[in-house]
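Trainee: This is the structure, below, for whatever I ask next.
The values are calculated or read from the model by the stated rules, or taken from the named source; none is laboratory data. Because the structure is a prediction, the values reported are computed rather than measured. Using ideal geometry, Cβ is built from the backbone for each residue, glycine included, and neighbour counts are taken over all protein chains shown. To get the accessible areas, we keep the full protein, side chains included, count just its heavy atoms, and leave off ligands, DNA and RNA. Shrake-Rupley method; radii C 1.70, N 1.55, O 1.52, S 1.80 Å.
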Amino acid sequence: MCGIVGVLSAEGDRVTPAAFDGWRDRLAHRGPDQAATFSDRGLYLGFRRLAILDLSPAGHQPMTTPDGRFTIVFNGQIYNFEALRADLEARGVRFRSRSDTEVLLELFARDGVDCLPRLNGMFAFAIYDARERTLVLVRDRLGVKPLFYFRSGRALAFASELGAIRDVPGFPRELDPIALGAYFRVGAVPDWTCVYPGVRKLPPGHWIRFRLDAPGGEDPTLYWDLPPVAETEDGRSEDAWVDEIEALLFDATRIRLRADVPLGVFLSGGIDSGLVAAAAAKQRSGLSCFTVGFGGGAEDETPLAAATARRLGVRLERLDVDLRRGMSELPAVMGHFDEPCYDTSALPTSLICAEARKHLVVVLTGDAGDEVFGGYPA
C-alpha cells in the first residue's frame, strides 16, 4: 500500500514545506520506497510509495501530465490498466512509464470523472487541476482504500490516515460522542461519521470536487453502487451459478497477480484462502504460500494449510508467531488505527505481515469472502 496526503493552507495560517513533509513522512510505513511533494499556490500534495508496478523513477509520484495541468497522488492499483492503456494509445496518448498511475492520470485528463465507472481496482486518489484550481478526491467502489478529509473555510486537508493531518491547523481536538456511541454499539466507527467532529470519510463509490479559491465544497457524488439483487430466480441452475462464480474468482485472481516484486499467498486452513491459493497456483508457477503457526494451540491451522499446499503442489512457509511476545507490540499495532476498532485478529495479522515482508512485498489473502457470501453468524 502507499500513502497520500494533501493540505491547502488558509490565508494567514501558511503551512511550511518542512512541516508538510513531516506530516507526509508519518505515512512512511505505508510507502518505504519513495517520497516526494508537489506544491502550487498554497496547495501541497505528498506521496509515500510502496513500489509494485514499474519500479523505475518513471513510476514515481506525485505525477504530472506533460502539459503541467493535472497532478495525481494515488494509493492502490488499477487492475484493468492494460486495457485502459491500449484504449488511450489508440487515442494518441504516448506513455513515459509502465505504471497504472500514468494510465489513470491520462484517462482522467481526457475524460474527467466520467472515467470512474471504467476503473476496476482498489484506490483512493486525488487529482489537482492547475488551470481550474480544483481538487478531485475519489474512492474505490467498496471503500477498500481509506480516505479522510476535512475543510474549514478555505483550509483543506486529506490523507490516507488521520495521523498525517492531525497537526494541520484547524483539525478538531475533541472527540465526537455520537461516533463513540456508535462504536460501543457495533464495534466500529461507521463510515458515515468519524471519531473527530468535522472530519469526513469519502464514502465508497464516490468522488468530491473542491474549488480551492472559494470556501466550502460540493457534496460527494455517487459514481457506483451495488446493483439491486433480483428477488426471483433467472432460470439458471446451481451448477451454472457455481461456474460463473468460479470464472469470476479466477479472473479476479489473475489480474491481482500482476506485480514487478515478489508475490505470495496467505494460506490458512480456511476455505477462502484455500480457494485464492488454488486459483493463483493454476495461473502462476512456483507460487509461495505462507501460514502462521501459534505453537500447536487450538487456533493453529497449520496442519490444514499444509494439506492444502500438498494438494495444490505449492511451497508452504510456516511463520511462527509468539503471541505472548507479540503482546508487547500491541500498543504499536493499535497506534496504526485512526479510530477505535474492535478486531481480535489485528495483532496476529500485524505479526504475520511483518514476518512475510522479509520474503515478499505483495500478498493475496482470502479476506472478505465471508462478507460476500454471508459467512458470519447473525
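Trainee: Counting only heavy atoms of protein chains, what accessible area per residue, in Å², does the range 1-150 have with a probe of 1.4 Å?
Mentor: 38
Trainee: Continuing with the same structure: Heavy atoms of the protein only, probe of 1.4 Å, neighbouring chains included. What is the accessible area of Arg14 in Å², nearest 10?
Mentor: 150
Trainee: Using the Cα centre of the chain as the reference point, and only Cβ charges (+1 on K/R, -1 on D/E), how large is the resulting charge dipole? Debye, rounded to the nearest 20.
Mentor: The dipole of the chain has a size of about 1300 debye.
Trainee: Report, in deg cm²/dmol and to the nearest 500, the calculated mean residue ellipticity at 222 nm for the chain, where each DSSP H run with n ≥ 4 adds -39500 (n - 2.57) and the sum is divided by the residue count.
Mentor: That calculation yields -8000 deg cm²/dmol at 222 nm.
Trainee: Name all residues of the range 9-42 having a backbone nitrogen under 11 Å from the label point set 7 Å from the Cα of Arg133 along its Cα→Cβ direction, giving them as ranges.
Mentor: Backbone N within reach: 41-42.
Trainee: Could I ask something else about it? I need the Kirkwood Rh of the range 305-366: take the reciprocal of the average 1/r across all distinct C-alpha pairs and report it in angstrom.
Mentor: 13.6
Trainee: Further, regarding this structure: Expressed in nm to one decimal, what extension gain is obtained for the pair Arg96 and Phe250 from 0.36 nm per residue of sequence separation less their Cα-Cα distance?
Mentor: In short, 52.3 nm is gained.
Trainee: Could you compute the net charge surrounding Ser97? Neighbours are other residues with a C-beta less than 14 Å from the C-beta of Ser97; K and R count +1, D and E count -1.
Mentor: So the environment of Ser97 carries a net charge of -2.
Trainee: For Trp192, Trp207, write out the residues from largest to smallest accessible area, computed with a 1.4 angstrom probe and no ligands counted.
Mentor: From most exposed to least exposed: Trp192, Trp207.
Trainee: Cα gyration tensor of the range 127-241, axes a ≥ b ≥ c as square roots of the eigenvalues: rounded (a/c below 1.5), prolate (a/b > b/c) or oblate?
Mentor: Oblate, because a/c is 1.5 or more while a/b does not exceed b/c.
Trainee: What does the range 234-320 give for Rg and for Dmax, in Å, if only its C-alpha atoms count?
Mentor: Here Rg and the maximum Cα pair distance are 14.8, 49 Å.
Trainee: Stretch Glu218-Ala346 to full length: gain in nm at 0.36 nm per residue minus the Cα-Cα span?
Mentor: Between Glu218 and Ala346, full extension yields an extra 42.5 nm.
Trainee: Taking the alpha-carbon distance from Lys145 and a cut-off under 22 Å, which lysines remain once sequence neighbours fewer than 8 residues away in the same chain are dropped?
Mentor: Counting by Cα, and skipping residues close in sequence, Lys145 has these lysines nearby: Lys201.
Trainee: Would you please report the Å³ per residue occupied by the convex hull of the alpha carbon atoms in the chain?
Mentor: Considering the Cα atoms of the chain, their hull volume per residue is 172 Å³.
Trainee: A further question follows. Would you mind classifying the range 40-194 by shape? Square roots of the alpha carbon gyration tensor eigenvalues, ordered a ≥ b ≥ c; an a/c under 1.5 is rounded, otherwise it is prolate if a/b is larger than b/c and oblate if not.
Mentor: Here the range 40-194 falls in the prolate category.
Trainee: At a 1.4 Å probe, what is the % contribution of carbon and sulfur to the accessible area of the chain?
Mentor: About 54 percent, which is the carbon plus sulfur part of the accessible surface.
Trainee: For the range 57-142, what class follows from the C-alpha gyration tensor (a ≥ b ≥ c being the square roots of its eigenvalues): rounded when a/c is under 1.5, otherwise prolate if a/b is larger than b/c, else oblate?
Mentor: rounded
Trainee: Related question: Given the protein chains as shown and a 1.4 Å probe, how many square angstrom of Asp25 are accessible, to the nearest 10?
Mentor: 60
Trainee: For the range 241-258 and the range 79-97, what is the centre-to-centre distance using only Cα atoms, to the nearest Å?
Mentor: After rounding, the separation between the Cα centres reads 24 Å.
Trainee: For Ser56, Ser285, give the ranking by accessible area with the largest first, probe 1.4 Å.
Mentor: Order by accessible area, largest first: Ser285, Ser56.
Trainee: Leaving ligands, DNA and RNA out of it, work out the accessible area of Tyr44 with a 1.4 Å probe and give it in Å² to the nearest 10.
Mentor: For Tyr44, the solvent-accessible surface is approximately 30 Å².
Trainee: Order His206, His29 by their accessible area, 1.4 angstrom probe, all chains in place, largest first.
Mentor: Largest accessible area first, the residues go His29, His206.
Trainee: Mind putting a number on the dipole of the range 145-286 about its Cα centre? Charges go on the C-beta only, +1 for Lys and Arg and -1 for Asp and Glu, and I need it in Debye to the nearest 20.
Mentor: I would put it at about 920 debye.
Trainee: Report the residue, chosen from Lys282, Lys201, Lys358, that carries the largest GNM mean-square fluctuation when the chain is represented by alpha-carbon nodes joined by springs under 10 Å.
Mentor: Of Lys282, Lys201, Lys358, the Gaussian network model singles out Lys358 as fluctuating most.
Trainee: Another question, if that's okay. Under the definition of Cα pairs under 8 Å and six or more residues apart, what whole-number percent is the relative contact order of the chain?
Mentor: Answer for the chain is 13 percent.
Trainee: Then there is this: With a 10 Å cut-off between alpha carbons and a GNM built on the chain, which of Gly264, Gly59, Gly42 moves the most?
Mentor: Result: Gly42 has the largest fluctuation of those listed.
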